[in-house]
1. For region 143-246, state what percent of all Cα-Cα pairs lands in each successive 5 Å bin, counting from 0 Å until the bin that includes the largest distance.
2. Among Asp183, Asp435, Asp346, what is the fewest-to-most ranking by other Cβ atoms within 10 Å?
Amino acid sequence: MDNESTFVAPEGVYTVIDEHKPPPNFTPFGGPALFPTKVSSVVVSFPATKQGSSPGFVQLLGGNKDIKKANGSKEDGVSLSSSDTPDEADQPNSTQEHVAGNPSVSQEPHTLFSPIPNVSGKKKPATRPKHNMRTTSSTFINRIQTAEGLVKTLQSKQGEVTFLFYNLSKSWLWIEAGSKAKDALSRITFSHHPTCHDVNTSTASPEHLDVIIGFNSGDLVWLDPVTSRLHIKFPMHRNGTIIVYDKERDDGVFVPQDPVGKSLDSNGTSTSEDGSQKEWDPTDSIFVTMPPWHPVSSGGGLSNNGKPDKEKTAKNPVSHWRVSRRSIVDFVFSPDVKYVGAISEDGCLRVIDALAEQLIDCYASYFGSLTCIAWSHDGRFILTGGQDDLLTIFSPWEQRVVARCQGHSSFVSALAFDDLRCDGRTYRFGSVGEDNKLILIKNIEGEILTAISFSPRSILTSTKVGHIKLWIRPLALRSRTKMGRVADIDPLT
C-alpha cells in the first residue's frame, strides 16, 4: 500500500493531507538552493466564535474546537508547540512551581537566564522587534511579499490553526497548513541564505510570532511576520562558538577572548596549577568569555549603593562560549532548560551545564561529523545522527552510549522523537537522510529528505528542494489520544 502519499506503520496507515511543492519551472529569488530546506510548525489558538457547518481539514488536525475554561486551561491566543499535547502544555514545569512558591526568590543569586532586575518597580512591556520591514533601509532584506488582505485573513481565523515555516534558497516562507491559497502568507527574500530558524511557541499568539532566523553569513534576524517588524543582529559567529542572547536587552560592545593557548580552570583563570600556560582542550572544557554585564561579574547590574551601574547595565550578548575548534552544527536544550547538548564538525557531542557554564561530558561519534540532535521529552536520552550513517542513543545521566542504530545508507539529515509513541518504556523516533529514507517507516524514491518533526496528530517532512508534506496519523491512533494522553498507547511490537 506504500506510495508517495501513504505508508504503513505498525499502528496503521499514514496519509499525506497537505503538500507544498515548488512548480517545475520555479526559479527561486537569489539563485539555486545551496542549503537544505528546514521546516517547523506552531499551533496558534485563535478566539473561537462561530463553528463551521461542515468538517474539513482543520477538524482533522483538531482545530475549530471550543476552548474550555476549566482549571489549568489555557486562555485564547496561547499556542501549543508541534511536540506538545494539551495536558502537557497546561502543566507548569518544576522550576516555575518552585519559583512561584518561594518567597525568598528575590534573594537568590543571579544566573545566566535570570531576568533583568526591575529597579523602578514598574511593569515593563515585552520587547518587540524594533524596525518595520517595509521601511527599513537595511540591504539585508531584498524583497517582501505578503498575501493580499493578510490582516483580514488572520482576523477571520477561528480555533486552532497550524502554521508552517521553511526556507528555500534565500527566501523564508510562512504558510498555513491546509490552506487552499496558492501564495504564502509571507515570503521574505534576504541577501544571504537562511540555514536555520526557530519559532517561540511560548509567546506565539494571533497578535505576534517571535521567529529567529540564522544565516550562512553568521548573522541573526529576529522578526515578527504578523506585525512585519524585525531586528537584525550581526554577531558574525566564529567557528565553534555558542552565544547567549536575551531579546529583552539592547546590544553592547563586546570582543570575546581568544582561547588559543589558554585554558580556563574552575576559578576562570587561564593558567595551570604550577603557573604555566596550558593548551585549551575543547574535549575537556568550554572557554567562557564573560562580558562586564555578565550576571556573575556584574552582581545583577547594581553598584554597591544599590543603584544601577551604567558600565554593568544588562546588554547583549549575555555570554560567549567557545565550545569547539570546528563549526557548531546544532544544539538543543534539555526539557528543563538546564543543560545544552551541542554537536560539531569534530564529531563530538558535548553536554553543557547551561547555568554553571561548564562542560559535563563529551562523546565521540563512530565516524565523521555529527549532523543532527534531539533530546527526549522526559530528558532521559539524547539522539544524534551523523556522517557514519548511524543513529546513536546516549544516556547523559548514565554517561554511556545506549545503542547505535543502523538503517541508513547515507548521511542522516534530521531526526526527532515521536512523543506520542514514547511512554517511558519504549521510545519511537524518526529520521530522514540523504539516502531518501524515512526510517523506520518509508523509503521515498528520488527526494533527499532534510527535516522531520512530530505533532500529536501529524508528521511533517521536507526535502532539500522545499517539497513539504504533512502526514496525518492513522484514525485508530488519533482516536486513542484522549485529551493528549499517551499512556493508553501500546508499545511498538
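What follows is calculated from the coordinates using simple rules that are stated; it is not laboratory data. Just so you know, these numbers come straight off a predicted model, no measurement behind them. Heads up, the Cβs are rebuilt from the backbone with ideal geometry, glycines too, and the neighbour counts pull from every protein chain shown.
1. Pair shares across the bins are 2, 10, 23, 24, 18, 12, 6, 3, 1, 0.
2. On the way: Asp183 13, Asp435 17, Asp346 21.
Fewest to most other Cβ atoms nearby, the residues stand as Asp183, Asp435, Asp346.
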